[in-house]
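Report on one structure; see the data block that follows.
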Amino acid sequence: MANPSFLDKLSTEIINIYGSNLPNITIVLPNKRARIFLLEALKKQLSTTVFAPNIISIEDFVADVAGIRSIDAIELLFEFYNVYLGLTPKDKQQPFETFANWGKTLLQDFNEIDRYLLNPSHVLSYLENIQEIEHWAVDVDKRTTMIEAYLEFWKLLPSYYNTLYAHLLDKGVGYQGLIYREAVRNITHFSNSYTQGQHVFAGFNALNAAEEKIIQHLMSGGQARVYWDIDYAFLSDPYHDAGLFIRRFQKDWKQYSANPFEWITNEFSQEKNIQIIGTPKTVGQAKIAGEITEQIQNAGYSLDKTALVLGEESLLIPLLYSLPANVGSLNITMGYSSKNNPAQILVQKLFKMHTNAINRNEKSYTLYYREVLDILTHPLVEPYADASRLVDTINKNNITFFSLNKLFEIQGNATPFFRLLFERWDDNVGNILTRLSNIMLGLKLFLSTDEEEDKIAKAFLYSIFKVINKLINYHEAHPQINNLTVLHAIYKQVIDLAEVSFEGEPLLGLQIMGVLESRVLDFENVIITSMNEGKFPAGKSQNSFIPYDVKRELGLPTYKEKDAIYSYHFYHLLLRAKNIYLLYNTESEGLDAGERSRFLTQLEIEKKPAHNLTSVIYNAHLPEKAYEPMTVPKTAAVTERLKEIATGKGFSPSALTGYLRNPIQFYYQRILRIRETDEVEESIALNTLGTIIHGALEELYKPFIGKFLSEQNLAAMGALADDEVMRQFVTVYKEGEIRKGRNLLAFEVAKRNVHNFLKQEKQDLTDGDAIRIIALEQKYERVLTDERLPYPVMISGNIDRIEERNGRIRITDYKTGKVDKANVVLKTWDGLTTDIKNDKIIQLLCYVFMYQQHAEGKEIEAGIISFKNMKSGFMGFNFKDGYDKSAPVLDIVDTAVLEEFKSQLVTLINEILNAEIPFLEEVR
């Protein structure tokens, strides 16, 4: 039979001692969550119906003793700001958003000073003296204004503290430390008036000075009993951090000189199966935790007695997706930070978009396309915004910046929800907050009440909805929140405190929790993630104005004590568990990495004889090949589609070279007809730049088709070139921004390329070339008939430029990228259509094949003009026999060359049409 849990043992003890007097006792526990589990444990022990005892958390109990209500953290910050304004000269007052950054830290220090019952005047004067000593080296008359202001700040600390303390007391509210200090002052009066019943303090570990004083006072008067939950293994070892605090209480509290110290257990040394599991990355831990949960379930264990403790909260969402479907009910009892809350991310995006819109141009309220699309594609918004037409228009027309009026004009009949998202924000903070609140309510109405994912989304929305409503209340009470900048700064401060609360049945199913939520509770199966230094334990974060050595001297907790608290929580989780799985990240580098936790090493070194401890590393399964290229067989439908292309529209030279580059890409684009989606091209891409240059040259040369060119013609084109390039930019790049940044540079590059081309052409005329333009950007087609082909195949495509130069036909292909002479020289016909480096040669010879029937027997040359290699001019195709060194270099494409090429082309087309040869992805 399993050993009883701490709460089972406690309920038995309470019933044995107090019996029918249960309603008169108050049981004080470390947190609120343990209350429902203790009530359940008491219920199991009772056979009759009785009134339950009063079960409360330590914080609620102390507030009762003090008679003071706890103040909300942000409300406290505002109250402190009012105090600050009253004490600080007007010329030295900081705006709220600056004050909030250091005000939160100072309030934490005030809190610690009060919880540990230190003399505030002594501590704060001590800090002032330290700063004064640090600046002794600077002569008084040489101190800068900044140093003087800095020292003045430290002098004011006691005034800040005393005034704030008195101000809050007048209102009957306080922060935790103030409530604790007042509770200590009031404890005698409280205990004198508490004539009936008893207090039971159970499951505590670390206590601050105020808690110690309160509990000891009640124990001395016979009004309290304390039940610790400490194992002999931790208590007897003077170096074991898990027993650090309770060892001191046992030794120092005078009440234990005459009374027994309860309870010391001997559970940790019992039989346990402990698995230490290392795996790369955070998401790997989520996957393994899901698998372990499934194993536990399959082994017949109840998930009610299983805890999944997350060392870092960001693991929650990947974990939920990793849990097996048959887990059924689960209870999430951990605070999930707002940092990754999708509703919070949406609000931040709205702040960013509207703030930037005002800053860009307050009159026209200029929006940036990326910020608009960020909101429209947000997972909470996208299904309900009804903005597909708007997104398509932005992408197709390359709209980078646009006014609010333009946005609503494109959207057409905007829904009320769309208007809530995008209508102009003014400087009326109340209106902005109401709008944000309505957005959260609008999103809630879209969500289903039954879908599990929608329930999680509602929890996220509700968390932010509460924060916004709090801000509405703060705005009404505090006139300092008077513009968008201040509101955004305050929102960023408040949102840190907005944790998501998930609904669940606490007594049923798998328990998913953070480390602090596990206090007092015991489980049979425990899975703990993120067992890395900096996560578990949390590390040496020092968010305080009080230096480490001063904390040590005054008895304030440092990271050493925080590590000891983590140590107790960790070992308490293991105390009564039978099956323990400890997961850590094996990666030592990267954002979510770190060394494995010292607790794991400690477990291994101090291994108990009954512990079955194993350590394994889980790596993701790696296939023998990093990537298996995709293979698509040619089905009857595919071969039918290939025949439709071959005998109809035809294969273009770019389609043939595209097949060489990657057959799968050819399959997607030509067979399935899948084209790339339109996206806003914020910076002009190379292919767009090429389209603009092609278009400009076509328009400039078009009036001279069929005519011989003269130098005067070239001069006229040069005068028109800049305007034509601009027209092409507007046509191709549509509403994209070209007046600044990279795009302005691209515009200048396009102009320079066109002028360089015209300059080169003019030089050719000066050198005596006779040039007659035959065609520009014209489509040609020709049927390839060959007995080796299953049927005649059409070859078709656009040729950039065809001219007659000095009696010879010249076919030119423009290239925006860099091409060298070597790219158009062929040394052997063998393997021409199997090597992608021959793609430019294949294109040129296809052009010649298509045009040959129109050449009227004239010699034909084909080549490339590369705008990135203009100094090379026209680079014509050459055949230079690699085997016969004495053979002449052919610079024209005659019938013999064309026949050799056709033979190679037939081989390539046969491969494309062959039903036995699948489309095989080319991986480079």
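Details
- Contacts under 6 angstrom Cβ, first residue in the stretch 702-727 being assigned by TED's automatic domain parsing to the domain that holds ASP769 and part of a helix (DSSP H, G or I), partner surrounded by 15 or more Cβ atoms within 10 Å (Cβ to Cβ) and charged (D, E, K, R), 6 or more apart: GLU711/LYS762; LEU714/GLU761; LEU714/LYS762; ASP722/LYS751; GLU724/GLU699; VAL725/LYS751
- If only residues of the stretch 780-795 that are assigned to a loop (DSSP other than H, G, I, E, B) and either acidic (Asp, Glu) or free of Cβ contacts under 8 Å to residues at least 40 places away in the same chain (or both) are counted, the one that is surrounded by the most Cβ atoms within 10 Å (Cβ to Cβ) is ASP786.
- Applying the criterion of being touching a residue at least 60 places away in the same chain (Cβ under 8 Å) and more than 30 Å from TYR571 (Cβ to Cβ) to the residues of the stretch 607-635, the residue that is farthest from the chain's Cα centre (by Cα) is LYS634.
- The residue that is modelled with the lowest pLDDT, counting only those in the stretch 12-28 that are of a type outside the set (S, T, N, Q) and touching a strand residue (DSSP E or B) at 6+ places or on another chain (Cβ under 6 Å), is TYR18.
- Residues in the stretch 482-500 that are in contact (Cβ under 8 Å) with a residue 24 or more places away in the chain and closer than 19 Å to TRP102 by Cβ: THR485, VAL486, HIS488, ALA489, ILE490, TYR491, GLN493, VAL494, ILE495, ASP496, LEU497.
Per-residue answers, yes or no, for (1) in the same structural domain as ARG782 (by TED's automatic domain parsing); (2) crowded, with 19+ Cβ neighbours inside 10 Å; (3) assigned to a helix (DSSP H, G or I); (4) free of Cβ contacts under 8 Å to residues at least 24 places away in the same chain:
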{"position": "LYS818", "(1), (2), (3), (4)": "yes, no, no, no"}
{"position": "ALA822", "(1), (2), (3), (4)": "yes, no, yes, yes"}
{"position": "ASP830", "(1), (2), (3), (4)": "yes, no, no, yes"}
{"position": "LYS837", "(1), (2), (3), (4)": "yes, no, yes, yes"}
{"position": "LYS840", "(1), (2), (3), (4)": "yes, yes, yes, no"}
{"position": "LEU845", "(1), (2), (3), (4)": "yes, yes, yes, no"}
{"position": "PHE849", "(1), (2), (3), (4)": "yes, yes, yes, no"}
{"position": "GLY857", "(1), (2), (3), (4)": "yes, no, no, yes"}
{"position": "GLU861", "(1), (2), (3), (4)": "yes, yes, no, no"}
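- Picking from residues in the stretch 92-130 that are of a type in the set (A, V, I, L, M) and assigned to a helix (DSSP H, G or I), the one that is surrounded by the most Cβ atoms within 10 Å (Cβ to Cβ) is LEU124.
- Considering PHE80, PHE51, the condition of being out of contact with any His (no Cβ under 8 Å at 6 or more places or on another chain), touching a residue at least 24 places away in the same chain (Cβ under 8 Å) and either among the polar types (S, T, N, Q) or buried (at least 18 other Cβ atoms within 10 Å of the Cβ) (or both) is satisfied by PHE80 alone.
- Among the residues of the stretch 870-880, those identified as surrounded by 17 or more Cβ atoms within 10 Å (Cβ to Cβ) and either more than 20 Å from GLY807 (Cβ to Cβ) or among the charged types (D, E, K, R) (or both) are MET875, PHE879.
- Within the stretch 524-558, being without any contact (Cβ under 8 Å) to a residue 60 or more places away in the chain and either assigned to a loop (DSSP other than H, G, I, E, B) or surrounded by 16 or more Cβ atoms within 10 Å (Cβ to Cβ) (or both) holds for ALA538, GLY539, LYS540, SER541, GLN542, LYS551, THR558.
- Members of the stretch 703-727 that are more than 18 Å from ARG752 (Cβ to Cβ) and touching a Leu at 6+ places or on another chain (Cβ under 6 Å): GLU711
The values are calculated or read from the model by the stated rules, or taken from the named source; none is laboratory data. The structure displayed is predicted, hence computed values, not measured ones. Every residue, glycine as well, gets a Cβ built from its backbone with ideal geometry; the counts of neighbours run over all protein chains shown.
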